[in-house]
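Visitor: Pasting in a structure now, in structure tokens, and then I'll have a few things to ask.
The values are calculated or read from the model by the stated rules, or taken from the named source; none is laboratory data. Everything quoted here is computed from the prediction, not taken from an experiment. Using ideal geometry, Cβ is built from the backbone for each residue, glycine included, and neighbour counts are taken over all protein chains shown. Side chains are part of the model used for accessible areas, which takes the heavy atoms of the whole protein and leaves out ligands, DNA and RNA. Shrake-Rupley method; radii C 1.70, N 1.55, O 1.52, S 1.80 Å.
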Amino acid sequence: MISIDRSLRTADLGDVRVANRAVVLRHVRLHAPCSRADVAAQTGLNKATVSSLVGELIEHGLLRETGLTENRVGRPATMLVLDGSRHVGLGLQIGADELVVVAADLAGAPLLTWRRAFAAGTAGPEETVRALAALTRRAVTRVTGAGRTVLGLTVGVPGPVDADGVVPAAPALGWRGVPLAADLRRALRDPGFPVGVDTDANLAVSAELRHGPYAGTADLVHLTGGLAVGAGLVSGGRLLRGGRGFAGEIGHLPVRADGPACHCGRRGCLPAVAGVDAVVRRLLPDAAADGPVTDYLPEIERIQALARAGDAAVRDGLTGIGRHLGHAVSVLVDLLDPEVVVVGGHLATLAPWLLPAARAEVAAGASRPPAAVRLEASTLGSAASALGGATAALATVEAGQLPAV
């Protein structure tokens with residue numbers, strides 16, 4: 001006698017419906033405005049299923065109708081777009097000299113981007129958590145006051161993060177074994193939405209994949225710029241995390257055998273020659289005359305101005321840094337064969353002087369033809385990781401789970 005577990009069968013059917021919701025949402029995101037008939041024709045779902053799913057998604061504030069269009073064969077059709085009016089995700093980013101928060105809706109539109117000056121490299125974990133919680137509360141108050149619901153929060157950290165939201169080691173911050181997700185959840189007094197933590201590089205490449213000019217690129221790398229330099233890796237359209245979630249820690253790659261000491265204890269690592277602190281110290285020897293630099297933006301702007309004015313020492317220095325950056329990229333090219341590598345943060349700001357030397361180094365150092373990879377500056381600005389965090393906070397909805405009405 002064969003027994004049938006009907007509870008399992010029900011769960012399976014429910015899982016199929018969740019997956020189908022995700023298919024519909026993705027199609028509308030990529031092809032809006034589109035009709036129910038368009039969704040059915042392009043996804044392979046039958047029209048009755050699409051109609052039922054769309055009704056559900058409209059009821060929960062994830063899709064909305066924009067009216068009729070007659071620019072098509074047959075009867076006019078009601079068009080669908082993502083509804084960004086009710087739900088938002090929050091992303092936080094721990095930068096070299098600031099904290100950033102971004103609130104974005106389901107359609108990817110940033111609703112707010114706030115920055116707070118903060119010396120992350122010298123502040124301890126407790127002070128950082130307090131500052132993150134204060135910034136989060138302000139953002140939550142703003143978006144809920146506008147009638148929106150926060151569905152989640154994701155924090156980007158310049159260092160590896162495990163599956164439980166613990167930062168085992170972030171040398172640039174002086175952190176070791178910090179349970180950031182749990183600490184922030186506690187500081188927010190269990191806010192009623194999920195709190196996650198990921199590496200800033202993973203979140204930045206997720207933002208590139210979704211919002212950047214190379215969106216949809218199947219094999220993509222984003223190199224962060226800041227106190228640390230990390231790599232967010234996308235291969236075959238999927239984020240590469242590694243066995244423990246620590247993939248992309250390119251900052252430990254030595255690029256100069258006789259180079260300066262790195263935060264990790266080694267010498268000549270990529271952050272020690274191309275991190276924002278290293279770049280400022282090398283190109284502006286007077287920057288630390290009055291004490292350690294805690295606000296890097298004015299110094300990077302000074303470097304830009306000197307480079308534009310043709311300062312030989314600054315331009316030569318940037319060329320040398322570009323070569324080291326290119327050496328690191330050539331290793332990534334040989335290992336991962338990406339279509340595009342983008343650099344962010346201060347590396348993007350200084351790209352006009354860094355990337356020519358970096359591209360030449362990639363062409364000379366990588367084993368494949370130079371035309372096989374593009375090395376470009378990110379266009380997402382210094383809040384890329386926070387934008388990726390806001391996008392990640394909406395992941396459960398995009399996977400087909402319905403928020404509360």
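Visitor: Which condition number in (1) in contact with a Gly (Cβ under 9 Å, 6 or more places away or on another chain); (2) within 21 Å of Pro158 (Cβ to Cβ); (3) touching a residue at least 60 places away in the same chain (Cβ under 8 Å); (4) not polar (S, T, N, Q) is the one that Gly242 fails?
Guide: Against the list (1) in contact with a Gly (Cβ under 9 Å, 6 or more places away or on another chain); (2) within 21 Å of Pro158 (Cβ to Cβ); (3) touching a residue at least 60 places away in the same chain (Cβ under 8 Å); (4) not polar (S, T, N, Q), Gly242 comes up short only on (3).
Visitor: Continuing with this model, one more query. Report, by residue number, each residue of region 334-354 that is part of a loop (DSSP other than H, G, I, E, B) and under 9 Å from Ser378 (Cα atoms).
Guide: Scanning region 334-354 gives a single hit, Gly344.
Visitor: What do you reckon, is Asp316 acidic (Asp, Glu) and not in a helix (DSSP H, G or I)?
Guide: When the stated conditions are applied, Asp316 does not pass them.
Rundown of residues vs (1) over 27 Å from Arg64 (Cβ atoms); (2) among the basic types (Lys, Arg), yes/no style:
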{"site": "Leu92", "(1), (2)": "yes, no"}
{"site": "Asp105", "(1), (2)": "no, no"}
{"site": "Arg116", "(1), (2)": "yes, yes"}
{"site": "Val129", "(1), (2)": "yes, no"}
{"site": "Arg142", "(1), (2)": "no, yes"}
{"site": "Leu151", "(1), (2)": "no, no"}
{"site": "Pro158", "(1), (2)": "yes, no"}
{"site": "Val178", "(1), (2)": "yes, no"}
{"site": "Asp200", "(1), (2)": "yes, no"}
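Visitor: Does Leu375 satisfy the condition of being in a helix (DSSP H, G or I) and within 17 Å of Gly230 (Cα to Cα)?
Guide: The answer is no for Leu375.
Visitor: A further question on this structure: With (1) outside any helix (DSSP H, G or I); (2) closer than 30 Å to Gly61 by Cβ as the list, and Arg176 as the residue in question, which single condition is left unmet?
Guide: Going through (1) outside any helix (DSSP H, G or I); (2) closer than 30 Å to Gly61 by Cβ one by one, Arg176 breaks only (2).
Visitor: Kindly indicate whether Leu135 is at pLDDT 95 or above, of a type outside the set (S, T, N, Q) and either buried (at least 18 other Cβ atoms within 10 Å of the Cβ) or over 26 Å from Pro179 (Cα atoms) (or both).
Guide: yes
Visitor: When you go through Leu180, Leu203 one by one, which is the residue that is at pLDDT 95 or above and over 20 Å from Ala399 (Cβ atoms)?
Guide: Of Leu180, Leu203, the one residue that is at pLDDT 95 or above and over 20 Å from Ala399 (Cβ atoms) is Leu180.
Visitor: Mind checking which residues of region 97-113 are over 30 Å from Pro292 (Cα atoms), modelled with pLDDT of 90 or more and open to solvent by 10 Å² or more (accessible area, probe 1.4 Å)?
Guide: Residues satisfying the conditions are Asp105, Leu111, Leu112.
Visitor: Name the residue, out of Gly237, Gly259, Gly192, Gly243, that is over 20 Å from Ala169 (Cβ atoms), modelled with pLDDT under 85 and not β-branched (Val, Ile, Thr).
Guide: Exactly one residue qualifies, and that residue is Gly259.
Visitor: A further question on this structure: Quick check, is Ile94 open to solvent by 20 Å² or more (accessible area, probe 1.4 Å) and not charged (D, E, K, R)?
Guide: Against the criterion (open to solvent by 20 Å² or more (accessible area, probe 1.4 Å) and not charged (D, E, K, R)), Ile94 does not qualify.
Visitor: Got a sec? Which of Ala371, Ala363, Ala307 is surrounded by fewer than 22 Cβ atoms within 10 Å (Cβ to Cβ), at pLDDT 95 or above, more than 30 Å from Leu57 (Cβ to Cβ) and of a type outside the set (Val, Ile, Thr)?
Guide: Ala307
Visitor: Turning to a different aspect of this structure: So which pairs qualify, if the first residue must be in region 111-122 and in contact (Cβ under 8 Å) with a residue 24 or more places away in the chain and more than 14 Å from Ala172 (Cα to Cα), the second must be of a type in the set (Lys, Arg) and outside any strand (DSSP E or B), the Cβ gap must be under 9 Å, and the two must be at least 6 apart or on different chains?
Guide: Leu111/Arg142; Leu111/Arg148; Leu112/Arg142; Trp114/Arg138; Trp114/Arg142
Visitor: Can you confirm whether Ala392 is in a helix (DSSP H, G or I), small (Gly, Ala, Ser), open to solvent by 40 Å² or more (accessible area, probe 1.4 Å) and free of Cβ contacts under 8 Å to residues at least 40 places away in the same chain?
Guide: Answer is no for this residue.
Visitor: So, one more: Restricting the search to region 265-297, which residues are buried (at least 17 other Cβ atoms within 10 Å of the Cβ) and either part of a loop (DSSP other than H, G, I, E, B) or among the small types (Gly, Ala, Ser) (or both)?
Guide: The answer is Gly268, Ala272, Ala274, Gly275, Ala278, Leu284, Ala287, Val293, Tyr296.
Visitor: Quick one: which residue in Asp183, Asp219, Asp200, Asp190 is open to solvent by 10 Å² or more (accessible area, probe 1.4 Å), without any contact (Cβ under 8 Å) to a residue 12 or more places away in the chain and of a type in the set (Asp, Glu)?
Guide: Result: Asp190 is the single residue among Asp183, Asp219, Asp200, Asp190 that is open to solvent by 10 Å² or more (accessible area, probe 1.4 Å), without any contact (Cβ under 8 Å) to a residue 12 or more places away in the chain and of a type in the set (Asp, Glu).
Visitor: Also, quick follow-up: Looking only at region 314-338, which residues are in contact with a strand residue (DSSP E or B) (Cβ under 9 Å, 6 or more places away or on another chain) and farther than 17 Å from Glu249 by Cβ?
Guide: Gly326, Val333, Asp337
Visitor: Being touching a Leu at 6+ places or on another chain (Cβ under 8 Å), under 23 Å from Ala96 (Cβ atoms), surrounded by fewer than 23 Cβ atoms within 10 Å (Cβ to Cβ) and not basic (Lys, Arg): is that true of Leu355 here?
Guide: So Leu355 fits the description; yes.
Visitor: Which members of region 252-273 meet the condition of being in contact (Cβ under 8 Å) with a residue 40 or more places away in the chain and under 18 Å from Leu332 (Cα atoms)?
Guide: Answer for region 252-273, where residues must be in contact (Cβ under 8 Å) with a residue 40 or more places away in the chain and under 18 Å from Leu332 (Cα atoms): Leu253, Val255, Arg256, Leu270, Pro271, Val273.
Visitor: Can you give me the number of residues within region 147-180 that are hydrophobic (A, V, I, L, M, F, W, C), open to solvent by 20 Å² or more (accessible area, probe 1.4 Å) and more than 19 Å from Ala120 (Cβ to Cβ)?
Guide: 2
Visitor: While we're on this one: Inside region 96-126, can you point out the residues that are under 16 Å from Gly159 (Cα atoms) and in contact with a Gly (Cβ under 6 Å, 6 or more places away or on another chain)?
Guide: Ala96
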